[in-house]
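First comes the structure, then the notes that go with it.
The values are calculated or read from the model by the stated rules, or taken from the named source; none is laboratory data. Since the model is a prediction, treat every value here as computed from it, not as a measurement. Glycine also receives a Cβ, built like all others from the backbone with ideal geometry; neighbour counts cover every protein chain displayed. Accessible surface areas use protein heavy atoms only, side chains included; no ligands, DNA or RNA. Shrake-Rupley method; radii C 1.70, N 1.55, O 1.52, S 1.80 Å.
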Amino acid sequence: ARTGMRAVIQRVKSASVTVDGALVSSIGPGLVVLVGIGGDDTKEDAEYVAGKCLRARLFPGDPPEGEGGATNWDGAKPWDRNVMDIDGEVLFVSQFTLHGYFKGNRPDFHRAMAPESAKAFYRDFLACARERVYAGKGTRIKDGIFGAKMDVALVNDGPVTLLMDSRDRK
């Protein structure tokens, strides 16, 4: 079975990326998205993942005026707003290991896109998220350093964590 571009989406209160002890990026409330680029991923996969991550309704709305419908402990609708609705931030982190699988006890990453191609693909993916999806608010989107050994710290909110594969659309 062919897999597509993969993402692990986490709702966070805050997050940061540090490389060699230096802070590279940090965000407040929003999403951390780990992104795995597969060997045969396309521009369509990138557009789908960028759009789905930014439009996914993972944040509660305001408490309703009347009665009815599922609500959180505080009366708010639990899955009512996306990250753009709350003016949240997004920290994308490239992670080729999302395409790993085990050969015996050792991980194999041959299904991930080759580093040189993946770097350009990831740059285009970020541009799509910044310019086409979160238009006018591209500065709300942060990222780590492609290919670097990163320390990613986050405070998960919920926790809310979802997995996505661009070829598994419902």
Query raised in the report: Quick one: Arg132 ticks every box in (1) in a helix (DSSP H, G or I); (2) surrounded by 14 or more Cβ atoms within 10 Å (Cβ to Cβ); (3) touching an Asp or Glu at 6+ places or on another chain (Cβ under 9 Å) bar one, so which box is it?
Result: (2)
Report task. Starting from region 8-20, take each residue that is farther than 19 Å from Arg57 by Cα and list its partners that are of a type in the set (D, E, K, R), counting only C-beta distances under 6 angstrom and pairs at least six apart or across chains. Result -> Thr18/Asp151
Query raised in the report: In region 15-25, is there at least one residue being in contact with a Lys or Arg (Cβ under 9 Å, 6 or more places away or on another chain), modelled with pLDDT of 95 or more and among the charged types (D, E, K, R)?
Result: yes
Report summary line: Among (1) assigned to a loop (DSSP other than H, G, I, E, B); (2) of a type in the set (Val, Ile, Thr); (3) at pLDDT 90 or above, Thr71 falls short only on (3)
Query raised in the report: Going by the structure shown, is Val155 touching a helix residue (DSSP H, G or I) at 6+ places or on another chain (Cβ under 9 Å), open to solvent by less than 80 Å² (accessible area, probe 1.4 Å), farther than 19 Å from Leu98 by Cα and not hydroxyl-bearing (Ser, Thr, Tyr)?
Result: no
Report summary line: Given the conditions (1) open to solvent by 70 Å² or more (accessible area, probe 1.4 Å); (2) closer than 18 Å to Arg57 by Cα, every one holds for Ile141 apart from (1)
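Among the residues of region 95-128, write down those that are part of a strand (DSSP E or B) and open to solvent by less than 30 Å² (accessible area, probe 1.4 Å).
Step one: filter region 95-128 for residues part of a strand (DSSP E or B), giving 101-103, 106-108, 112.
Asp108, Ala112, listed by residue number.
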Report task. Being open to solvent by less than 60 Å² (accessible area, probe 1.4 Å) and either farther than 10 Å from Val12 by Cβ or free of Cβ contacts under 8 Å to residues at least 40 places away in the same chain (or both) is the filter here, so list the residues in region 158-170 that pass it. Result -> Met164, Asp165, Ser166
Report summary line: When restricted to Val49, Val33, the only residue surrounded by 15 or more Cβ atoms within 10 Å (Cβ to Cβ), under 14 Å from the mean Cα position of the chain (by Cα) and assigned to a strand (DSSP E or B) is Val33
